[in-house]
Amino acid sequence: MLNFAAPVAEPPSRTAARQFQQKFQQAALDAPGSVRASRHDLGLSEHRLTMIDIGGEGQKTEDGEELMRSGNAHAINVNAQTVGSPGEFHLQAEPGGQPQKTSHFEIPNLVRPAKSWPGPGEKAEGLLPFADGFSSMTMTEGAPVFGYHVNEMSRVTSKKGWMMLAVDESFEDRIGELAHKHNGDGTVWSFPPKDGTMNRYVIPPKAALEGGAAGDYKAMWSEASAHDAYDVAQTIALHQAGSLSLDEARQAAPGLKDAHGEIDFSRLAAGKASVKHDEL
């Protein structure tokens, strides 16, 4: 099996957050909605998937009788607060890193869109400080879904990207609205809680609903927790980008990942050298 893995200096999500903090953070806090950082601005390749977690605090496993998992180590965490929620957790700050037990921690890979989140009736155009189509995988857990969330999640997610929401069922109307914006027909895959307390709603892109593989993709997402979301999206992208069957993509993915578990889609077979995130 070919292996294109190559080590990189730091996880891309850390690079992106650091670049944002240096270049744009103060402007975003001073004037929420004024920043729309591009992948190039944040040092991100066009040939890798990028994930944002709205309200994210990092990849956590909560101590206790029930196994509660949230967050993803690949994500850029978009949060108004700087410190994680109270509790006893094992926090994995980066892909492949060793989880550390903690009860107080600063949110890793943090991008702050504002000093506080707007209320349900407030306008928040451009609140998420990223360019249109920035994200390949957009996630939120345990947060409300207001009108501005619908508009902003739709704006920053690539048309071929995925969304995963683990939220209260009272927001199902908003989720349906978001799905219509994203894939055109309002398709939402709803699953019961997994390693959490809230239902999971996955919004597929239109491209995933075409070509006959939608049922297989849905089955993959049905078993996915927040910790799995990036890997699922990346495996599906590998299937869609090349000539591999879905089973072959699953088998090939581990050997194509770099030290941080990410695939550089510019290093695929001949003829696919310019595959970009928004083409996957």
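The values are calculated or read from the model by the stated rules, or taken from the named source; none is laboratory data. These numbers come from a predicted model, not from an experiment. Glycine also receives a Cβ, built like all others from the backbone with ideal geometry; neighbour counts cover every protein chain displayed.
Observations on the structure shown:
- Residue count for the stretch 127-145, restricted to those that are modelled with pLDDT under 95 and buried (at least 17 other Cβ atoms within 10 Å of the Cβ): 1
- Selection within the stretch 68-103 - closer than 30 Å to residue 31 by Cβ and touching a Leu at 6+ places or on another chain (Cβ under 7 Å): 77, 78, 79, 82
- Residue match in the stretch 251-263 (condition: of a type outside the set (S, T, N, Q), at pLDDT 95 or above, surrounded by 18 or more Cβ atoms within 10 Å (Cβ to Cβ) and touching a strand residue (DSSP E or B) at 6+ places or on another chain (Cβ under 6 Å)): no
- Screening residue 49 against (1) crowded, with 19+ Cβ neighbours inside 10 Å; (2) outside any loop (DSSP other than H, G, I, E, B) leaves a single unmet condition, (2).
- Selected residue (criterion: farthest from the chain's Cα centre (by Cα)) from residues of the stretch 15-36 that are outside any loop (DSSP other than H, G, I, E, B), farther than 17 Å from residue 135 by Cα and of a type in the set (S, T, N, Q): 26
- Number of residues in the stretch 166-196 that are more than 23 Å from residue 223 (Cβ to Cβ) and touching an Asp or Glu at 6+ places or on another chain (Cβ under 9 Å) equals 1.
- Filter result for residue 9 (free of Cβ contacts under 8 Å to residues at least 12 places away in the same chain, over 22 Å from residue 153 (Cβ atoms) and of a type in the set (Gly, Ala, Ser)): yes
- Pairing each residue of the stretch 241-266 that is in contact (Cβ under 8 Å) with a residue 40 or more places away in the chain and in a helix (DSSP H, G or I) with any residue that is among the β-branched types (Val, Ile, Thr) and surrounded by 17 or more Cβ atoms within 10 Å (Cβ to Cβ), provided the two are 6+ apart or on different chains, yields C-beta distances under 7 Å for 256/263; 265/275; 266/275.
- Residue under evaluation residue 72, criteria (1) touching a helix residue (DSSP H, G or I) at 6+ places or on another chain (Cβ under 8 Å); (2) surrounded by fewer than 24 Cβ atoms within 10 Å (Cβ to Cβ); (3) part of a loop (DSSP other than H, G, I, E, B), criterion not met: (2)
- Of all residue pairs spaced 6 or more apart or on separate chains, those with beta-carbon atoms under 6 Å, a first member in the stretch 188-207 that is of a type in the set (Asp, Glu) and a second member that is buried (at least 16 other Cβ atoms within 10 Å of the Cβ) are 195/69; 195/225.
- Hits in the stretch 119-153 - residues which are out of contact with any strand residue (DSSP E or B) (no Cβ under 9 Å at 6 or more places or on another chain), over 16 Å from residue 32 (Cα atoms) and outside any loop (DSSP other than H, G, I, E, B): 147, 150
- Some residue of the stretch 152-175 being free of Cβ contacts under 8 Å to residues at least 24 places away in the same chain and over 17 Å from the mean Cα position of the chain (by Cα): yes
- Residue in the stretch 171-178 that is part of a loop (DSSP other than H, G, I, E, B), surrounded by 19 or more Cβ atoms within 10 Å (Cβ to Cβ) and not hydroxyl-bearing (Ser, Thr, Tyr) present: no
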